[in-house]
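Note sheet for the following structure.
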């Protein structure tokens, strides 16, 4: 387990290179011109966020391998050039220039942190090149800062908050407190949760908020400060290390006893696995019930992933996998690597998600995919947590309507 | 009321953890004068090693009390041993390099440790087991409080007490205190300094390792622990007064309680609160709470040589290379042009920092504040007033210069590491303004759409523009170094008393130099903003300040062309290595280490030295 991630990464890339090399040698010269690959430039914060982006890249490579094994796009294989922005938007923009000009990629993809995603989106708009954003969650990417050349796959902050509000509104809790990392993602998650919950339940009140610095939570004090507000419900947006520390202190100090907790993303294996036996019971979360999601598509993906990388997929793996599937579907429709043709093809494109829950559409209206998430409750079983009572929340049902979107999104 | 009392206990627990790390740092600095940037990495290693010992291997099988506490102690000792090894293999070789140069070596170690930890332990956060006998919580004033935190509260004072005994009741401790006050005297009395220094590193590193290991039942072990703790530990050490253990303890208490109560009153500004307090403390007490002003430098201390221009042959070669580059630019691809424009910006940025570090003799850990001020000035003008690029580039240096005047007025009164840390405090305050003032600055999502005017949008045009402006900036900085102003600046650096005696107003000279450098950093920042099309708070972040510092140190502080070489070497290496391999941090760290060991005068210093040597042989 300890070494698996890095070990898996090496062979993945080597296999890819070997595959390309073998392909180039084996094919007769006549076919070689036709089989020149379609190159995708992928930029992500690999060294800054290795825990999330390792599995993401594995999912990406798995999908690419499958697409290529099925004959690629009109006979041309997909090929990806990965770059590490180290979590700095200015580096991401420089690398975008490098990928387009030196590596001659047809389109850009990737992004994990919201500000990196926004920087790449603005670069795409300025240079009129396609950018397929995979992970960034910020609403601005498709709404207030949306542009013709940017498409986003993952369900956004607004969508995830809306899914949780639906469940939170059913709870008896009236006094709510919020805890969120102090940056745009945390702030807008809290904003949407408050607004949407107030709409559904005018009787609730928000009694306080905590905004610990991202990655630097002072968990004991934060838990104590929340305890002091005497809330009946807690809305949590912290994730990663902050979540682990928050949960451990909260468990020890009994913060969660007799309180409802609603929590963004915490049902993803990325967070449940490191939590181990600290996993709290009965939190309402969005996530990915990997081990119990048994439908033919997902089971096949899970098995293929395990066979290739010796590990189980995580939520990021599905995002990586889906991004490639969506790009492949778009390329098939566009039948060209001209940016404008690809942009037109991307609008309204449908592909089958690796979750196995059916088709996902990239809305022509705002370039947001209707990929959903799973909403359920956490439960500690043995020494690890899992999601129970879950259902798939289709993203299409949690997006605002056309009029609202037009009001937010700049007209082109 | 009960809740407030418990909150105070939370603060005490954090303070204890912080003190363990800070005490190691302050002991190391006190004796060796090394600003140990890798201290956070040692802390992180302590936590990871403890995790391994406690949950894998023979101790884990033993389990129970000894399994856990044995693992924690073993981790601390292992980190101590590692610290001693680092001292013997790396730092010992560069004690005689210019001040702060060792910082470069310790930063390289940070990079190496980051990748090594990732390779050894994987990317996932690790949760350690809870401590035996200290699981669960006790009821205090009707609120549940973890037993382990109570234990931690006790650890701080106990360690302080033990250190006090060590320093006051043992021969080793007395020698350490003597070395803190006067290294040369101790060595003249026949004490083996090398052994002393190695022992100090062992002690400091073991304290850091213990601090990390003790976090195991409390916090997840992550790859970000090093950076999270190191800045805070520095703040504690500086607020307390460099080299002062009781000071560090007092400062840790202050910071711990500040965090605990700060989030009740201002839940959004926890991070900057610490820096605000540091700024206030340093402005009121320039040597920290319990620090002592260093005595006058020993009479025999050699003042560093004057910066001098490149030897003629090398200067001609450099000019030829530049001319060739300008002529060849139209035939280069787009990407090399983007890269070269970036290099031009970094050169100006590094040169501006060098101006205050080299001739000025003031280190700055927060030079990114002025880079960011220029970038934000240009971006805000564009966004709120629709001012074109030309106006932005024209006004950015003035905006950054004004910020430099404001911050500099406080900073240049201090000296050495205190001054550097005050610049860091101001940079962090500026950062948090950019980060928090969402309505104006866009917060962490930044300001987008900061693109150049139509005529400069092509890569080639923008490259020429960058070279023109950065070249002019570097020449103006250089001009100032050799002008009477620069001579006065160097005079007050080398001999403050004599300079004052001939009527040079040291404060005023330093203040103006600080603002002058800030203005050019601002120009670099504005150019960078237009090159990237967007501005983010990361432009004023600590990593960018550190980048500039590394470029200057790598190039050589006491040379004029150092920052140019250093910027090209550092940015170029990073760019090439990152494209080459996933493990670029490891490689970059090793390369920097090699450069530090082989070229202790920096790249330009080594070049000039080599040139001199050749000329002497010929003569």
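Derivation of every value follows stated rules applied to the coordinates shown; laboratory data play no part. Just so we're clear, the structure is a prediction, and the values are computed from it rather than from any experiment. Heads up, the Cβs are rebuilt from the backbone with ideal geometry, glycines too, and the neighbour counts pull from every protein chain shown.
List of remarks:
- Three principal axis lengths of the range B:149-201 [C-alpha, angstrom, descending]: 46, 19, 15
- 0 to 90° range, to nearest 10: angle between helix A:157-168 axis and chain A longest Cα axis: 40 degrees
- Efficiency of FRET between residue B:96 and residue B:265 - r from beta-carbon atoms, R0 41 angstrom, step 0.05: 0.25
- Rounded tilt (10° steps) of B:484-494 against the dominant C-alpha axis of chain B: 20 degrees
- Over chain A, the reciprocal of the mean inverse Cα-Cα separation, the Kirkwood hydrodynamic radius, stands at 21.9 Å.
- Relative pair counts by distance (%), Cα atoms of the range A:141-184, 5 Å bins: 5, 14, 19, 21, 16, 11, 8, 4, 1
- The Cα atoms of the range B:23-224 define a convex hull whose projected area, averaged across directions, is 13.0 nm².
- Each principal axis of the Cα atoms in the range B:337-618 has its own extent, and those three values, largest first, are 56, 48, 33 angstrom.
- GNM top mover of A:42, A:209, A:270 - chain A, alpha-carbon springs below 10 Å: A:209
- Kirkwood-type radius of the range B:496-619, with distances r between different C-alpha atoms, in Å: 17.3 Å
- Average projection area in nm² (convex hull over Cα atoms of the range A:35-158, one quarter of hull surface): 7.5 nm²
- Dividing the Cα radius of gyration of the range A:161-297 by 2.2 N^0.38 Å, with N the residue count, gives 1.01.
- The share of C-alpha pairs in the range B:433-577 whose separation exceeds 26 Å stands at 40 percent.
- Average Cα contact separation per residue, the range B:337-618, under 8 Å, 6 or more apart, as relative contact order %: 33 percent
- FRET efficiency, residue B:502 to residue B:8 (Cβ-Cβ, R0 56 Å, nearest 0.05): 0.55
- Cα-based Kirkwood hydrodynamic radius, the range B:499-557, one decimal, Å: 13.8 Å
- Euclidean distance of C-alpha centroids, the range A:311-359 and the range B:481-509, integer Å: 65 Å
- Pairwise Cα separations in the protein assembly as shown fall into 10 Å bins from 0 onward with the following percentages, short to long: 2, 11, 20, 24, 22, 14, 6, 2, 0, 0.
- Summarised in one figure, the compactness ratio Rg/Rh of chain B, Cα atoms and Kirkwood Rh, is 0.98.
- Efficiency of FRET from Cβ geometry, residue B:120 and residue B:62, R₀ 25 Å, rounded to 0.05: 0.65
- Computed P(r) (all Cα pairs; the range A:233-330; 10 Å bins; percent): 14, 41, 27, 15, 3, 0
- Over the C-alpha trace of the range A:254-398, radius of gyration and Dmax come out as 17.4, 59 angstrom.
- Distance between the pseudo-spin-label points of residue A:411 and residue A:359 (7 Å out from Cα toward the beta carbon): 3.1 nm.
- Peptide B:571-578 has a mean of 2 when you count, residue by residue, the C-beta atoms of other protein chains within 10 Å of its C-beta.
- Principal axis dimensions, the range A:372-412 - Cα atoms, whole angstrom, descending: 54, 15, 11
- With a simple spin-label model that places each label point 7 Å from the Cα along the Cα-to-Cβ direction, the separation between residue B:323 and residue A:388 comes to 8.1 nm.
- Folded to 0 to 90 degrees: helix B:225-240 orientation relative to chain B principal axis, Cα: 90 degrees
- Calculated log₁₀ intensity ratio I(q)/I(0) where the Debye formula runs over C-alpha points of the range B:463-505, q = 0.17 Å⁻¹: -0.54
- Rounded to 5, the percent of DSSP beta bridges in the protein assembly as shown classed as antiparallel: 40 percent
- The label point for residue B:189 and the one for residue A:205, both projected 7 Å from the Cα toward the Cβ, are 6.9 nm apart.
- GNM result for chain A, Cα springs below 10 Å: residue of A:171, A:293, A:312 fluctuating most strongly: A:171
- Residue by residue along A:83-94, Cβ atoms of other protein chains within 10 Å of the local Cβ number 6 on average.
- Gap separating the Cα centres of the range B:547-585 and the range A:262-281, nearest whole Å: 41 Å
- Rg/Rg_ref, the range B:309-366, where Rg_ref = 2.2 N^0.38 Å and atoms are Cα: 1.45
- Shielding value for A:202-212 is 2, the average number of Cβ atoms from other chains within 10 Å of each residue's Cβ.
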